[in-house]
Amino acid sequence: MNRRKIKSPSDLEKLRQEILAKRDPKKPRIAICAGTGCLALGARKVITTFKEELKKRGLENEVEIRETGCPGFCEKGTIVVIYPEGIYYLQVQPGDVPEIVEKTLVEKKHVERLLYTDPTTNEKAIHEDEIPFYKHQMRLLIGNNIKVDPKNIDDYIALGGYRALAKALPEMTPEEVIEEVKRANLRGRGGGGFPAGRKWETTRNAPGEPKYVIVNCDEGDPGAFMNRALMEGNPHSVIEGLIIGAYAIGSHEGFIYVRDEYPLAVENTGIALEQAREYGLLGRDIMGSGFDFDVKIFRGAGAFISGESSALMSSLEGKVGAPKPKYVHTSIKGLWNKPSNLNNVETWANIPLIINKGARWFTSIGTEGSKGTKIFALVGKVNNTGLVEVPFGITLREIIYNIGGGIPNNKKFKAVQTGGPSGGCIPERFIDTAVDFDELTKLGSMMGSGGMIVMDEDTCMVDVARYFIDFLVDESCGRCVPCREGLERMSEILNDICEGRGKEGDIELLEELSEVMKDTSMCGLGRTAPNPVLTTIHYFRDEYDAHIKEKKCPAHVCKALIEYYIDAEKCTGCLACLKACPEGAIAGEKERVHVINREKCSKCGICYDTCKFGAVIIS
Amino acid sequence: MDEDKIDKIIEEHRTDKSELIPILQDVQAEYNWLPQDTLRYIAKRLQVPLTDVFGIATFYKSFSLKPRGKHLVRVCLGTACHVRGGPRILETAERILGIKTGETTEDYKFTLESVNCLGCCALGPVMVVDNEYYGKLPPTKVEKVLHKYGYTSLSSGKGGET
Ligand SMILES: Cc1cc2nc3c(=O)[nH]c(=O)nc-3n(C[C@H](O)[C@H](O)[C@H](O)COP(=O)(O)O)c2cc1C
Ligand code: FES
């Protein structure tokens, strides 16, 4: 497309007015989430069905279809919102499309069954802000995802996008921008929570040219996907923040490091950069300010450790992405030994907000030490899974119950894991903790990138610790001994415990190894790796004891410690489990009680899931 | 190996050491894996030691030094999928295909791998075949998904095993 270059802030405003003038706010619009989550649930088919249906009825010019970013309620995808009314439909299937078109677009009525239904009161919610999942959030960063097509920069500009850049470039000196970010007390969202303004200042003042600015979209924390949602759903918000940062730091070259598992984020970011270039928002003399800056995308190649700052920069240099000891910080000597400022996707996305609305406004949100909002990936054993953006200071209970809708199947909440492999498990008694960087650290966990994995009574805490340690064994780069060997030994001990070979003294040994790793590992991976082990020992020691002393797994997870059998009272002899068993381990006849052959049973649990009468018992 | 093909890929990047990872990614996109002779050739063209090229090809998980099957089946073992039964999806896929994780069926139709998080954690457990995502997948549906990609009980197994 031929885009006219934006040569001044007033050009941007003119363009915005032109875009708005071409758009009739009353024109019906169907916004359909085309993020990775909804696509996994079949959004593509929903989109094509809408197109066909509109064509069939000759409505294709009357109604606009917009493929948008992820609004976060992935659990209930595919999400379809009908504007201008803002009618929020959930779990839309291709088969629902004709009815939506007929009832909502033509007759202006609701399709009741696709609206959110409150599980307790059965009340319907029509609009986004009536749905409890959204009602208790503060969606400053992801709120626009459902409004923009990430492949169309005009959508972002129409909502006031790039105004912060238009303000910063002519009106503020680089120092003033840094000062504003410092005053906002914006802390890095990638895990450590380091103040962004201070890091920017260090890089700005560091000797050496050129300077680099980098977006960390490696998002290696398994169970977290907020960076993905921003980068693929609203890439311009990140890019705008990056350009402002580059201006403040004095950098003319930037990189966006995206993990390989996010092909859609790579695609959408590529398109976004191209469109920004066409408008002159990247390249030479941005908005006529004399400032030059451009950005390249770099695809990661699959290594958790490459999300660490020095490792990421090695990877960008085309080397093995392993960390280096940090005698000198990357902000002073980073990529190709030049001053390099790395921030997380979400950190960058906060910048336009701070510049537009000011540090005063920003610091009015959050707690004493943590300002603004944070996006969490609320997943695991919780009813409403998805992305939630909340102000710092909200309690875990509010997130898990008010937003998340509690634990499914009337199970009991056991713990919530935050901070990924560097974090820890927080037990139920701390559920009223106000969430911010410092409070989570006090509990032995950490904020991390914002993964929040809810665990219920069916989750074994020893298995969780083993899971994270095994993950880290695979991901440790192996350069320093404490991390490489420490993780291996911990993995052996934990696997022994889970497999019924645990012995007296194992817990103490784990604690001792943890201390050594914490104190002597080279990078953050090894230094924080013991957290999942230490927190589970600290809060759930009884579960470790049950495994070690009684050879029992109270949550019925550790295979070596459980047996499956069929309750003769409850078995109706329906043959369902017998047919489902992949090992042929179940014997029985129709209407006769079935029996599991222990020798053949591989404990896969399929019989347990298949039985409708609760007759399969785990002991 | 088709030298022209590799040359073309290299030309799309700079003949520069720092482009090694993107070049290997593009070569892998072409072949589905990284044949040894391509690595040698790339090392020569970029004038970097072969050990560096191997270092990278073995360090990063997305590179494969073994031929992969026509369809790449990846099962997520990220935390969210783990607590929702990801390991059972993987076991089921192993059993159906008759191979272990990291292996390829004898007819080169399927390669089975595990990954740590695909970014649709809210839909766990998740399995991806090629670039199609299957969310909220019960173990009982795994076989049906594999059928879509031409799985028949004949394609399973590495021969001989039951
Ligand atoms: C093992 C390890 C993995 C990391 N992975 C990531 C990651 O995936 N994304 C991220 O933003 N930061 C990650 N970090 C933190 C980065 O080193 C760095 O602190 C961060 O990107 C800085 O950005 P921020 O100040 O905006 O948070 C990781 C750190 C370690 C030690
Ligand atoms: S944990 Fe499986 S997709 Fe994230």
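The values are calculated or read from the model by the stated rules, or taken from the named source; none is laboratory data. Because the structure is predicted, anything quoted here is derived from the model rather than measured. In this analysis, Cβ positions are derived from the backbone assuming ideal geometry, glycine residues included, and neighbour counts consider all displayed protein chains.
Among A:283, A:288, which is at positive phi and in contact with a helix residue (DSSP H, G or I) (Cβ under 7 Å, 6 or more places away or on another chain)? None of the others qualify; the one that does is A:283. Against the test of being out of contact with any Phe, Trp or Tyr (no Cβ under 6 Å at 6 or more places or on another chain) and in a helix (DSSP H, G or I), the options A:150, A:170 yield a single qualifying residue, A:170. Against the list (1) at pLDDT below 95; (2) on the phi > 0 side of the Ramachandran plot; (3) in contact with a strand residue (DSSP E or B) (Cβ under 8 Å, 6 or more places away or on another chain), the condition residue A:318 fails is (3).
Scanning the range A:454-489 for residues that are away from chain B (no Cβ under 13 Å), surrounded by fewer than 22 Cβ atoms within 10 Å (Cβ to Cβ) and either in contact with a strand residue (DSSP E or B) (Cβ under 6 Å, 6 or more places away or on another chain) or assigned to a helix (DSSP H, G or I) (or both) yields a total of 6.
Taking the numbered list (1) outside any strand (DSSP E or B); (2) within 8 Å of ligand 1 (Cβ to nearest atom) in turn, residue A:216 passes all entries but (1).
Of the residues A:72, A:58, A:42, which single one is away from chain B (no Cβ under 14 Å), on the phi > 0 side of the Ramachandran plot and not aliphatic (A, V, I, L, M)?
On the way: A:72 fails: away from chain B (no Cβ under 14 Å); A:42 fails: away from chain B (no Cβ under 14 Å).
Criteria check complete, one pass: A:58.
Residue A:48 meets each of the listed conditions (1) hydroxyl-bearing (Ser, Thr, Tyr); (2) more than 12 Å from chain B (Cβ to nearest Cβ); (3) in a loop (DSSP other than H, G, I, E, B) apart from (3). Screening residue B:53 against (1) assigned by TED's automatic domain parsing to the domain that holds residue B:24; (2) aliphatic (A, V, I, L, M); (3) in contact with a Gly (Cβ under 8 Å, 6 or more places away or on another chain) leaves a single unmet condition, (3).
Among the residues of the range A:258-276, which ones are within 16 Å of the chain's Cα centre (by Cα) and surrounded by 22 or more Cβ atoms within 10 Å (Cβ to Cβ)? Those that are within 16 Å of the chain's Cα centre (by Cα) and surrounded by 22 or more Cβ atoms within 10 Å (Cβ to Cβ): A:258, A:259, A:261, A:262, A:265. The residue of the range A:188-214 that is nearest to the other protein chains (Cβ to nearest Cβ), among those that are in contact with a Phe, Trp or Tyr (Cβ under 6 Å, 6 or more places away or on another chain) and either at pLDDT 95 or above or within 16 Å of ligand 2 (Cβ to nearest atom) (or both), is A:214.
Among the candidates B:72, B:77, B:65, single out the residue that is under 30 Å from residue A:602 (Cβ atoms) and away from chain A (no Cβ under 12 Å).
On the way: B:77 fails: away from chain A (no Cβ under 12 Å); B:65 fails: under 30 Å from residue A:602 (Cβ atoms).
So the residue among B:72, B:77, B:65 that is under 30 Å from residue A:602 (Cβ atoms) and away from chain A (no Cβ under 12 Å) is B:72.
Scanning the range A:221-279 for residues that are more than 9 Å from chain B (Cβ to nearest Cβ) and in a loop (DSSP other than H, G, I, E, B) turns up A:234, A:250, A:251, A:252, A:279.
Residues in the range A:418-437 that are under 20 Å from residue A:221 (Cα atoms), away from ligand 1 (no atom under 15 Å from the Cβ) and either part of a loop (DSSP other than H, G, I, E, B) or away from every other protein chain (no Cβ under 13 Å) (or both): A:426, A:435.
Out of all the residues in the range A:370-380, is one or more within 12 Å of ligand 1 (Cβ to nearest atom) and in contact (Cβ under 8 Å) with a residue 60 or more places away in the chain?
Here is the first cut: in the range A:370-380, the ones within 12 Å of ligand 1 (Cβ to nearest atom) are A:374.
From the residues that got through so far, the ones that are in contact (Cβ under 8 Å) with a residue 60 or more places away in the chain too are A:374.
Taking every residue of the range A:370-380 in turn, at least one turns out to be within 12 Å of ligand 1 (Cβ to nearest atom) and in contact (Cβ under 8 Å) with a residue 60 or more places away in the chain.
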